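Visitor: Here it is, the structure, as structure tokens.
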Amino acid sequence: MLCIEKLQLRLHGKSILEDVSFVLPRGHTLCIVGESGSGKSSLLRAVNGLLPATFGSLSFHPKNGRPVSLKGRWKGVAGLSGSRWVMQDPISALNPKLPLGVSVGESVFAQKLSPLELKSAVSAALADVELSPEMAKRRPAQVSMGQAQRACLARALIARPDLIFFDEPLSALDAIVQKQIAATMKRIQTRFDTTFVIVTHDLGFAAAYADHMLVLRGGRVEANQSAETFFKTPESDYCRELIAAAHELGSLSETVAQVSGTKAATPC
Amino acid sequence: MTVQADAGFLEEADAQKSNPEIDLKRFLVRLGFSVVILLVVLAVGFLLSPYAPNEPNFLDRLSPPTTNHWLGTDQLGRDVATRLLYGGVWSIGLAFLITSVGAIVGTAVGLAAGHFGRAADVTLMRVTDSFFAFPELIAAVTIAGLLGPSTTNMVLALILVGWMKFARLVRSLSVDLAHRDFVVQARLNGLPSRRILWRHILPNIGPSLVVLWTNAWSRSILSISGLSFLGFGVQPPNAEWGAMLLDGKAYMQTAPHLMIFPGLAILLTVLSINLTGDRLRDLIGSNELSAD
């Protein structure tokens, strides 16, 4: 479904990503974990064509939408067709001048819906993320962080994407809202059979959520395992350290890992 | 101790913070009312004034302010108050026209520079820079001098030297906006660039544009008056505040009212437009912050 091979990214002579590969089947969740500057966000940007990859290949076969296959140096692919991206800070990801409904509706601009169809599609998408239809008229300054992030989620959902990228979708939110949004994400994934790629700092969240783990460190892959084996038998010392640290902080415990879709209240 | 005091003040300040959006609306309403009142006063002035602005009356030359001529008469016996009213239309109206055209041209150039690739950016901004190299008034004097003194030539000259500030502002703001998350999202979601420019870029630079525009407006009233005073702008017998100053210059000792009143008119107009612009900037500025 999404397959990245030997992705390499260099910016201004500096190596950002080296030899990153992973395969992600449809309907699964990949959590990308790593410290700041490890290249998590750059990986998302490169996959979405915001940064030029210097080498490597990408292939993406969405259910509906044209398949994408890129090799060598690729850049300028503005988003993969059939995918959407939910960003870290929902407030800055929404145009402050536009009501939420317009922002959500723009996601399907290419489909050229009639105003009536668009309106009902927006209402349906807002309902999918548990927002009332009145929210469509509010501007970002008039809603809470959680509501704004739900609107961003609706903006992704309305396009019925096969793949949604999340860039630390919860780190701007407080614990209760984190929990609610994580539950909504889970529900959406089971309902629409969507593939998730989630960049996160939070191992507790990853443990509850991921099917596959990709650990990055300094632009290189430190571990690329299924989540189950990763948390039992991590591939490297760095990963063991990571898991131990998360255990000490209390963000990762067996119970949390089993109560899927929820996460412990820990500061990010 | 100090920490406590600080905390207390901060909380109080936060509690007193009013909603900037409401403030802005209230201010705009007040501004609208003031403009309407001003227009009514002007209209009443036009209707009530028994004098024509350009009609000489040699029996009543250089009269100081009297009950018949509230602001006196000039060397040809024309009523200064009436001429001030008509002159205001020239000064304020022409400045409005010049600034608006400049704003539109500058915005178009700035958006094009910010959005149509590196080559367009470099070319357009170098052109803008080279226009900046000319001192505004001197360039206008040169152009007006080359083309001959007339109102049209002055307007052209001032437009030619006035659009760059808009271009530069719009370019820098739109380049900055292009990296903001919501514009990146719009691009990733496949919106055509026309819609991105109209819906995402322009509305977000609009407030700054309005502020710059009011600023440029008052400046260009000064430029028009300055050029007219130098004889390059509005030509006699038309009443323009700068031209009136020029007319009155010869009689400065004997009939100072010929210079005082047009001077006051310029001062008050420019001052009020500037103050309005400042208030607008403060309100829009705080509004922007809350929106971010």
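Only the coordinates and a few stated rules stand behind these numbers; no lab work does. Quick caveat: nothing in here was measured; it's all calculated off a predicted structure. No Cβ is skipped: glycine too gets one built from the backbone with ideal geometry, and neighbour counts run over all protein chains shown.
Visitor: Mean 1/r over all different Cα pairs, inverted: what Kirkwood radius does the protein assembly as shown give, in Å?
Guide: Taking the inverse mean of 1/r over all distinct Cα pairs, the protein assembly as shown comes out at 28.1 Å.
Visitor: Calculate, axis by axis, the spread of Cα positions in segment B:55-124 along the three principal axes, and write the results as whole Å, longest axis first.
Guide: On the principal axes, segment B:55-124 reaches 67, 18, 16 Å in Cα extent.
Visitor: What number results when the radius of gyration of segment A:1-133, computed over Cα atoms, is divided by 2.2 N^0.38 Å?
Guide: For segment A:1-133, the normalised Cα radius of gyration comes out at 1.22.
Visitor: Let me ask something else. Would you mind checking A:Lys40/A:Lys186; A:Lys6/A:Lys63; A:Lys40/A:Lys112; A:Lys14/B:Lys165 for any pair whose Cα atoms are more than 28 angstrom apart?
Guide: Going by Cα-Cα distance, A:Lys40/A:Lys112; A:Lys14/B:Lys165 fall outside the 28 Å limit.
Visitor: Ok, one more. Work out the mean other chain Cβ neighbour count within 10 Å for the residues of B:185-196 and drop it here as an integer.
Guide: The per-residue average across the peptide is 6.
Visitor: Also: Within 10 Å, count the other beta carbons around each residue, average over each peptide in B:227-238, B:79-90, A:239-250, B:48-59, and list them highest first.
Guide: Highest-to-lowest ranking by the protection proxy: B:79-90, B:227-238, A:239-250, B:48-59.
Visitor: Using a 10 Å cut-off on Cβ atoms, rank the peptides B:117-123, A:222-228 from the highest mean neighbour count down.
Guide: A:222-228, B:117-123
Visitor: For peptide A:102-109, compute the average count of partner chain beta-carbon atoms within 10 Å of each residue's beta-carbon.
Guide: Rounded to a whole number, the mean comes out at 4.
Visitor: Then there's this: Do the sum for chain B: with -39,500 (n - 2.57) for every DSSP H run of n ≥ 4, divided by all residues, what is the mean residue ellipticity at 222 nm, to the nearest 500 deg cm²/dmol?
Guide: Here the helix-only value at 222 nm equals -25000 deg cm²/dmol.
Visitor: On alpha-carbon atoms, Rg over Rh for segment A:85-160 using Kirkwood Rh?
Guide: Taking Rg over the Kirkwood Rh, I get 0.92.
Visitor: Evaluate peptide A:46-57: per residue, the Cβ atoms of other protein chains within 10 Å of its Cβ; return the mean as an integer.
Guide: The shielding value for this peptide is 1.
Visitor: Quick check: residue separation of B:Lys249 and B:Phe58 times 0.36 nm, minus the Cα distance between them. What number comes out in nm?
Guide: Full extension of this stretch gives 66.9 nm more.
Visitor: Rank by packing, highest mean first: peptides A:122-134, B:178-190, with packing defined as the count of other Cβ atoms within 10 Å averaged across residues.
Guide: Packing proxy ranking, top to bottom: B:178-190, A:122-134.
Visitor: Additional query: Let me understand chain A better: what is its radius of gyration from the alpha carbons, and its Dmax, in angstrom?
Guide: Taking only Cα atoms of chain A, I get Rg and Dmax of 18.2, 56 Å.
Visitor: Please state the equivalent ellipsoid semi-axes for chain B: what are the square roots of 5 times the Cα gyration tensor eigenvalues, largest first, in whole Å?
Guide: One finds semi-axes of 43, 27, 16 Å for chain B.
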